[in-house]
Amino acid sequence: MQIIKWIGIGVAAIAALALLAGQLGLLKGTPPADLGVREGKLKKPSETANSVSSQALLWPGHPQREYADIAPLALRGDGPATLAKLKNVLQSLPDVTLVDSRADYLYVQFTTRVMKFVDDAEFWFDPASGMIQLRSSSRVGSRDFGVNRQRIEALRERLAAS
């Protein structure tokens, strides 16, 4: 019985340390230096299952291509008008930081409330496809447990309702 008590104390201590690390910002990761549009593409999806991208299929042989694949956002007006609507939706959400906003591009950071993990998301009006291309990726960890996909789908619904 004593060993079970000590195991419980150890688990509680690890959980408390992880929470403290998150609150101190030690789990937020480093912002990627290579975001943006290059040669008509956003950054490729992560090599692990922690990102989604509407351009995932443009990266043949990528190990997470199928996991990362998600539909782009449909236009609600023209490209700049859609991004302006999306920007309004994003700014209405808690724990979102707008980093870069242009007529054809948005970059935001989503921060989880408890552990302070940061996910980077970018949205680009692609005039060739007439769609809003997107990429959302966790900075740390090798799995996102579907969080990036769920967030984008919720944004898709909010944008359609705006």
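Quick notes on this one:
- P(r) tail, the chain: Cα-Cα pairs separated by more than 25 Å, 35% of all pairs.
- Cα gyration tensor shape of region 54-134, rounded if a/c is under 1.5, else prolate or oblate by comparing a/b with b/c: oblate
- Summing Cβ point charges (Lys, Arg +1; Asp, Glu -1) relative to the Cα centre of the chain gives a dipole of roughly 360 debye.
- Length added when fully stretched, S142-A33, from 0.36 nm per residue minus Cα-Cα: 37.3 nm
- Of the trypsin sites (Lys or Arg not before Pro) in region 65-162, those whose Cβ has at most 13 other Cβ within 10 Å and which sit in DSSP loop: R113
- Reachable aspartates and glutamates, given that their alpha-carbon falls under 20 Å from the alpha-carbon of K44 and they are not under 8 places away in the same chain: D34, E66, D69, D100, D104, D119, D120, E122, D126, D144, E153
- In the chain, helical runs assigned H by DSSP with n ≥ 4 each contribute -39500 (n - 2.57); averaged across all residues and rounded to the nearest 500, the mean residue ellipticity at 222 nm is -10500 deg cm²/dmol.
- In terms of surrounding Cβ atoms within a 10 Å radius of their Cβ, D144, D69, D34 rank from fewest to most as D34, D69, D144.
- Region 47-93 and region 111-155 have Cα centres spaced 7 Å apart.
- Taking 7 Å steps out from each Cα toward its Cβ at L58 and A160 produces label points 2.4 nm apart.
Every number here is computed from the coordinates shown, using simple stated rules; none is lab data. The structure presented is a predicted model; accordingly, all values stated were derived computationally and were not measured. We place every Cβ from the backbone using ideal geometry, glycine too, and count neighbours over all the protein chains shown.
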